[in-house]
Amino acid sequence: MDRKEPSGKERGKDSLKAEGVIRKAEPSDFEDVMNIENACFPGELAYSRQQMRYLLFKANGVTLVEVRDGRAAGYITAVFRRGSEIAGIETIGVDPRCRGSGIGARLLRAAEEWMKPWGIKSFRLEVSIGNEQAISMYEKAGYRITETIDNYYIYEHHGTRSVYRMEKDL
Ligand SMILES: CC(C)(COP(=O)(O)OP(=O)(O)OC[C@H]1O[C@@H](n2cnc3c(N)ncnc32)[C@H](O)[C@@H]1OP(=O)(O)O)[C@@H](O)C(=O)NCCC(=O)NCCS
C-alpha cells in the first residue's frame, strides 16, 4: 500500500520534535492510521481495513490521533463495555519516522483523560513480552504487569506469542 510519505527534507527535523494536536479520529484519518498500523504490525499482525474501520468508527470507545503537518502521526484506540469501569487499549501505534518524540506517551494520557467522564476507573492492555519499547512506555505511564499469558497471539510478535497483561488505576 502506498504510504504517501513526505521525505525527511519536506518534514524537517524540527517538525519531528514539535508537539502535534491530539483529537478524535475522523474518516479522513483512515488511510494514515492504516498505513501506521501496517508499519507497526507486519503481515497478519496488523488489523485489516474492516477491523480498523470498526474500531475507529463503530466500537464503544475512542480513537485519538496526534496530527502533525496535517496528517496523523500516531493513534490509540481504547474501548469499553457499557457499564464497565475498565477500558482496554486495543491498539496504539506511532509512525516510525516520528517515534521517540513523546507521541505514544501523550496519546496514552489523552485516552485515559477521555475515558474518565465515562466512569472508567482503570485501563488494561496486553503487550508482547518482547515489546520492550511499549512495555517501557506503559511502565513509565504507571501501568503494572498483573499477569503473563502464554499463547495469547495466533502469530508471533517480537519472537513470542506470550503477552503481559498490564493495568493502571486512573
Ligand atoms: C510503542 C510506541 C507506541 C511508542 O511510541 P513513541 O511515540 O515512540 O514513544 P514516546 O516517544 O512517547 O516514548 C514514551 C516511552 O516509551 C519508551 N520508548 C520509546 N521508544 C523507545 C526505544 N526506542 N527504546 C526503549 N524505550 C522506548 C520509553 O520509556 C519512553 O519514555 P522516555 O522518552 O521518557 O524514555 C511505538 O514504538 C510504536 O508505535 N511501536 C509499534 C507499535 C506497538 O508496538 N504498539 C504497542 C502494542 S501493545
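Annotations
- For the chain, relative contact order (Cα pairs under 8 Å, six or more residues apart, normalised by length) works out to 18 percent.
- Exposure rule at most 16 other beta-carbon atoms within 10 Å, DSSP loop GluC sites (Glu not before Pro): the chain longest free segment: 86-155
- With neighbour counts taken as other beta-carbon atoms within 10 Å, the residues Ser136, Ser122 rank, fewest first, as Ser136, Ser122.
- With coordinates expressed along the principal axes, the C-alpha atoms belonging to the chain extend over 44, 38, 32 Å, beginning with the largest.
- Full extension of the chain between Asn60 and Arg165 gives 35.7 nm of extra length, using 0.36 nm per residue less the Cα-Cα distance.
- For the pair Glu19 and Arg81 in one chain, pulling the backbone fully straight at 0.36 nm per residue adds 19.2 nm over the alpha carbon distance.
- In the chain, helical runs assigned H by DSSP with n ≥ 4 each contribute -39500 (n - 2.57); averaged across all residues and rounded to the nearest 500, the mean residue ellipticity at 222 nm is -8500 deg cm²/dmol.
- Estimated inter-spin distance, Ile145 and Phe41, nm [label 7 Å along Cα→Cβ]: 2.2 nm
- Fraction of antiparallel bridges per DSSP, segment 20-169 only, in percent to nearest 5: 90 percent
- What you get for segment 53-170, charging only the Cβ of Lys and Arg (+1) and of Asp and Glu (-1), is a dipole of about 380 debye around the Cα centre.
- Selection from Tyr47, Gly142, Thr160, by position along the positive dipole direction of the chain (Cβ): Gly142
- Neighbour-count order for Val127, Val21, fewest beta carbons within 10 angstrom listed first: Val21, Val127
- Each of Ser84, Ser162 was scored by other Cβ atoms within 10 Å of its Cβ. Listed from fewest to most, they are Ser84, Ser162.
- Global dimensions of segment 93-170 from alpha-carbon coordinates: Rg and Dmax equal 13.3, 38 Å.
Read-outs: derived from the displayed coordinates by stated rules, not from any lab. None of these values were measured; they are calculated from a predicted model. Backbone-built Cβ (ideal geometry, glycine too); neighbour counts: all protein chains shown.
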